[in-house]
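Student: Before I ask anything, here is the structure I am working with.
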Amino acid sequence: MKIMIVDDEAGQLELLSGFLKKQGYEVFTAQNGEEAVVTFKKTPIQLVLLDHRMPDITGDEVLQRLKEINPMVHAIMITAYGAVDTAVRAMKLGADDFLEKPVDLAGLIQKIQEIDERVSVEEDVDAVREIINDAWLPDGMIAEAPQMKDAISLARRVAQTPWAALIRGETGTGKELMARLIHDLSDRKKYPFIVINCASIPENLFESEIFGHERGAFTGAVSSKRGKFELAKGGTVFLDEIGEMPIALQPKLLRALQEGRITRVGAEKDMDIDVRVVAATNRDIKKMTDAGQFREDLYYRLNVFEIEIPPLRQRKEDILELIKYFVKKYARRPVNFSPDATDLLIKYPYPGNVREFEHIIQRIVTLIRGDVVRPGDLPDDIKAYQGEDISALTARLDAVERRMVLAALEQNGWNQTRAAGQLGVSERVIRYKIQKHGIIRPKQVSV
Ligand SMILES: Nc1ncnc2c1ncn2[C@@H]1O[C@H](COP(=O)(O)OP(=O)(O)OP(=O)(O)O)[C@@H](O)[C@H]1O
Ligand SMILES: [Mg+2]
């Protein structure tokens, strides 16, 4: 991987570049923003370490300019100690990560390795995207929409690595299906796929569930028991709803992932484990780490790859294929959908995503009498759905109305009678609108 370091302090530049060269990276340096842009234009650099505070152009601006040249570039912003705002802004601009000064070299190398892994997989994804597009799809997985095809080709690449992956998506989008796909595509396929639902295990049993326990480890432990990590030997552990994992247990999970070793509850010795971990969540774990509800180090450990499954309403290309697929799965005889019915099915936003969609189709084809599904056969919610555009339109009209009332009031010195006259409405109506939109006359500033 080619890395560019941008820093106005020669000493720092030398220290970091010496260190990274020793680690085997190809390193470029720049002492200011202009130089960075010039070097970046002519060199295929994948990662930039950016000092935030520089005299000519700030790190933010440099990052912006580099992203314009190549949006795929990865960046780590180096910020002053405790400069949280700066770090947040850098992440918003598309930095992958940030490090506080003084730079901890071990932390730096870990972050670089994570990015390195991602870069090599991204390159592979680009390369295979074309080939995979239609050639190959696993059974039982519909993916017509381009974002789904991308997600699957990423899963395919991830499958061939030993690293952890985090699958994110709303409820019912197919996170578990995707996790199984990763397992099935990997050379761990012959070994178990073990699900741990972090939301359903009582906190006091958690450790023993996942790591096992020895006989007599606690009251009721009458015999020793293997945990899920042991049961999955050679295979995959699927940590579902990882956002619900009790924070007290997170360090133990982190250790298991980092060292590849676990200790049964009550055991004297630890043991090696051989599993790949895939986690899933419908929560924003990044945000949870900021709020101290999820350990950041664990987040980064799990999130070597992130596979995002978009909600069904954002991949309507999948709906026709899903209809066919679920009809085949649930109908005992051929069933067709009238164009009107199909249209309604496509427009509905499905808050419960594919799971909700599956149940709807299952129900329809079970209850239908003839062989054509018409709008009348659809569930009430779908029949009644008027489209999101209408609520968007109402919001838009409200905003326009508020602006007009406000402008009329301002132009007429906040005299309601005259403002109403200008708008062509009665005084009663303007009073109502003022109240509805919460319009308040600004306090007069006395001079
Ligand atoms: N792309 C797809 N093609 C076919 N079936 C799918 C697809 N995605 C999801 N499904 C089906 O939808 C249902 C829900 O999928 P799954 O359990 O994987 O979702 P999930 O994201 O884990 O949901 P939750 O957040 O509720 O745990 C399953 O029956 C699954 O087979
Ligand atoms: Mg699930």
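What follows draws every value from the coordinates through simple rules; no lab data is involved. None of these values were measured; they are calculated from a predicted model. We place every Cβ from the backbone using ideal geometry, glycine too, and count neighbours over all the protein chains shown.
Student: I need the shape label for the stretch 229-350. Rule: rounded when a/c is under 1.5, else prolate if a/b > b/c, else oblate, with a, b, c from the alpha carbon gyration tensor.
Tutor: Verdict is prolate for the stretch 229-350.
Student: Another question, if that's okay. Among 431-443, 56-68, how do they line up by average Cβ neighbours within 10 Å per residue, starting with the highest?
Tutor: Most protected by this proxy first, the peptides run 56-68, 431-443.
Student: Calculated FRET efficiency, PHE19 and ASP340, Cβ-Cβ r, R0 51 Å, to nearest 0.05?
Tutor: Computed FRET efficiency for PHE19 and ASP340 comes out at 0.20.
Student: Which pairs, out of LYS111/LYS233; LYS111/LYS252; LYS2/LYS67; LYS111/LYS175; LYS189/LYS252; LYS41/LYS67, put more than 23 Å between their alpha-carbon atoms?
Tutor: LYS111/LYS233; LYS111/LYS175; LYS189/LYS252
Student: Here's another thing I want to ask about it. Going by the alpha-carbon gyration tensor, a ≥ b ≥ c the square roots of its eigenvalues, is the stretch 165-253 rounded (a/c under 1.5) or, if a/c is not under 1.5, prolate (a/b greater than b/c) versus oblate?
Tutor: oblate
Student: Given a Förster radius of 30 Å and the C-beta distance between ASP272 and LYS92 as r, what FRET efficiency does 1/(1 + (r/R0)^6) yield to the nearest 0.05?
Tutor: Between ASP272 and LYS92 the formula returns 0.15.
Student: Could you tell me whether the chain comes out rounded, prolate or oblate from its Cα gyration tensor? Rule is a ≥ b ≥ c as square roots of the eigenvalues, rounded for a/c under 1.5, then prolate if a/b exceeds b/c, otherwise oblate.
Tutor: Judged from the Cα gyration tensor, the chain comes out oblate (a/c at least 1.5, b/c at or above a/b).
Student: Considering only Cα-Cα distances, which of the following residue pairs are longer than 27 Å: LYS22/LYS149; LYS22/LYS287; LYS149/LYS286?
Tutor: LYS22/LYS149; LYS22/LYS287
Student: According to a simple spin-label model (label point 7 Å from Cα along Cα-to-Cβ), what is the distance in nm between ASP381 and GLU9?
Tutor: 5.7 nm
Student: Also, quick follow-up: Relative to the present Cα-Cα distance, how much length would full extension add between GLU317 and ASN204 at 0.36 nm per residue of separation?
Tutor: 36.2 nm
Student: Quick check on packing: order 175-185, 328-338 by the mean number of other C-beta atoms within 10 Å, highest mean leading.
Tutor: The densest-packed peptide leads the list: 175-185, 328-338.
Student: With both bridge residues required to lie in the chain, what share of the DSSP beta bridges run antiparallel, to the nearest 5%?
Tutor: Restricted to the chain, the bridges split so that about 10 percent are antiparallel.
Student: Can you figure out the FRET efficiency of TYR81 with ARG402, using R₀ = 41 Å and their beta-carbon distance, to the nearest 0.05?
Tutor: Efficiency, rounded to the nearest 0.05: 0.35.
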